[in-house]
Structures are given as C-alpha cells and as structure tokens.
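The values are calculated or read from the model by the stated rules, or taken from the named source; none is laboratory data. As the structure is a computational prediction, the values presented were derived from the model and not from experiment. A quick note on method: Cβ atoms are made from the backbone with ideal geometry, for glycine too, and the neighbour counts reach across all protein chains shown. The protein model used for the area step is the full one, side chains on, heavy atoms only, and it has no ligands, DNA or RNA in it. Shrake-Rupley method; radii C 1.70, N 1.55, O 1.52, S 1.80 Å.
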Amino acid sequence: MPLDPRLLKASLLGLFLALSVPSVLAQESELFSLKNRWENITTQMPEDSRAKALEELADEASTLVRQYPDNARVLIWQGIVVASQARVSGGLTALGLAKEARSILERGIKLDPQGNNGSAYVTLGALYDRVPGWPVGFGDSETAEAMFQKALAIRPKGIDVNYYYAAFLEDQGRKDKALEHARRAVNGEARSERQISDEALRGQARRLLASLQ
C-alpha cells in the first residue's frame with residue numbers, strides 16, 4: 001500500500017524539526033554566552049584588562065561565525081566585539097580593527113537590513129564618528145549621522161543610540177540637539193537582553209547631560 005503523501009510530508013517535517021531545533025538552541029546558547037561576557041568585560045572589568053579579554057572574545061566570535069556564517073545576529077555581535085577591541089587599542093592596531101568591524105557589520109546588515117534591531121547602525125555610527133578621516137581612515141561625520149539616524153528610526157527610545165548620537169552632536173558643536181538626545185538616553189528603555197550595558201550607558205548619559213546643562 002503506497003504511503004499517503006500527506007503522511008510522508010508530515011514525517012519529513014518532523015524529522016527536519018528534530019534535527020534543527022537542537023542546532024538552533026545551541027546557537028542561541030553560544031550567542032547568549034558571548035553577549036554576557038562582552039557586557040561583563042565592557043562594564044565590569046578594569047580598563048587595563050579589557051584588551052586581552054576582548055581579543056580572546058573576538059577569537060570565540062570568529063569561531064562562532066565559522067559555525068553559523070549566514071546568521072546576521074552572530075555576525076553583528078562579532079562586529080560589536082571587534083569594534084570594542086578597536087576602542088581599547090591604539091594606533092594602527094585600532095584602525096585595522098575598526099576597518100574589520102565595519103566590514104563585518106556591513107555583511108550582517110546585508111543579511112538583516114534592520115541590523116539586529118538597530119545595533120549594527122549604532123556601532124557603525126560610533127566607528128564613523130571616532131575613526132580618523134581620509135587619508136588615514138574612513139571616519140566621516142555625515143556617514144556617522146546617517147548611521148545614527150537609521151538606528152533611531154528602528155529604535156527611537158534606545159539608550160545606546162541616543163547616548164552615542166548625543167556624544168556625536170556635542171563633538172559637532174550642536175549643543176541643543178545633544179541635550180535633547182542625552183535626555184532621551186537618560187529616559188530611554190533598557191533592553192532586557194542587554195540590561196547591564198544599557199544601564200551603564202544611562203549613567204554615562206546622565207554625566208553627559210549634566211555637562212551640557
């Protein structure tokens with residue numbers, strides 16, 4: 001008696017789910033661990049210990065990307081880690097890491113135009129703001145602002161995007177606008193999955209707001 005095609009389809013679907021669910025759970029667990037360690041390094045660890053810890057974390061992120069090369073969230077988190085490396089490094093090392101982070105984040109955005117809920121655009125905005133301009137680096141204030149605006153369109157109440165945008169505006173001499181976004185950062189919504197780092201940025205936003213008033 002031939003097998004009912006509907007039963008065959010249901011069986012194949014069940015097999016696919018049985019095989020894929022453990023892989024997805026493992027991926028989420030590894031990404032959760034990576035994110036938590038990044039938060040610990042960037043908010044709790046003494047500054048003179050961060051460079052080595054971020055280097056090790058970047059190696060782990062690279063391994064994770066090799067396992068899941070088409071996962072936008074994994075790529076974007078790798079870019080965030082490498083951008084953090086650039087921030088604590090100096091000279092040509094920092095510039096090389098910044099270029100690497102930009103490339104990784106751009107690849108992530110190609111897979112996910114929302115940039116993991118705007119996180120990729122926030123990090124790119126900070127990179128374009130802080131990296132030297134041509135001919136040394138790729139820094140560009142217009143591109144930085146465009147990246148921050150994209151992040152704001154996705155997550156207008158985000159503490160991170162409003163804080164980094166406020167710091168950018170202060171550097172640009174646009175005090176009134178910087179005040180507006182510093183206030184938004186202080187009153188912003190912390191993400192449940194990044195509570196520690198968002199609250200740390202809220203503290204920085206309070207200090208920025210006080211200096212602007």
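Below, the figures for the structure above:
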read-out: Among (1) basic (Lys, Arg); (2) closer than 20 Å to Ala153 by Cβ; (3) more than 10 Å from the chain's Cα centre (by Cα) - the single one Arg73 does not satisfy; value: (3)
read-out: Which numbered condition Glu39 fails, given (1) within 19 Å of Asp160 (Cα to Cα); (2) among the acidic types (Asp, Glu); (3) modelled with pLDDT under 90; value: (3)
read-out: Total residues in region 149-205, condition of a type in the set (Asp, Glu) and crowded, with 17+ Cβ neighbours inside 10 Å; value: 3
read-out: Candidate set: region 191-213, residues that are without any contact (Cβ under 8 Å) to a residue 60 or more places away in the chain and among the aliphatic types (A, V, I, L, M); chosen: the one nearest to Gly173 (Cα to Cα); value: Leu212
read-out: Candidate set: region 85-103, residues that are surrounded by fewer than 23 Cβ atoms within 10 Å (Cβ to Cβ) and within 18 Å of Ala151 (Cβ to Cβ); chosen: the one modelled with the highest pLDDT; value: Arg102
read-out: Qualifying position, being more than 22 Å from Phe168 (Cβ to Cβ), of a type in the set (Phe, Trp, Tyr) and out of contact with any Phe, Trp or Tyr (no Cβ under 6 Å at 6 or more places or on another chain), among Trp77, Trp134; value: Trp77
read-out: Selected residue (only one of Arg155, Arg174, Arg202, Arg102 is basic (Lys, Arg) and over 17 Å from the mean Cα position of the chain (by Cα)); value: Arg174
read-out: Qualifying residues in region 42-80 (those that are farther than 24 Å from Leu111 by Cβ and among the basic types (Lys, Arg)) - the one least open to solvent (accessible area, probe 1.4 Å); value: Arg50
read-out: Every pair of residues 6+ apart whose Cβ atoms lie under 8 Å, when the first sits in region 40-56 and is closer than 19 Å to Asp198 by Cβ and among the hydroxyl-bearing types (Ser, Thr, Tyr) while the second is part of a helix (DSSP H, G or I) and open to solvent by 50 Å² or more (accessible area, probe 1.4 Å); value: Thr43/Ile196
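Conditions (1) in contact with a Leu (Cβ under 7 Å, 6 or more places away or on another chain); (2) modelled with pLDDT of 95 or more, marked per residue:
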position: Arg107; (1), (2): yes, yes
position: Lys110; (1), (2): no, yes
position: Ala120; (1), (2): yes, yes
position: Trp134; (1), (2): no, no
position: Asp140; (1), (2): no, yes
position: Gln149; (1), (2): no, yes
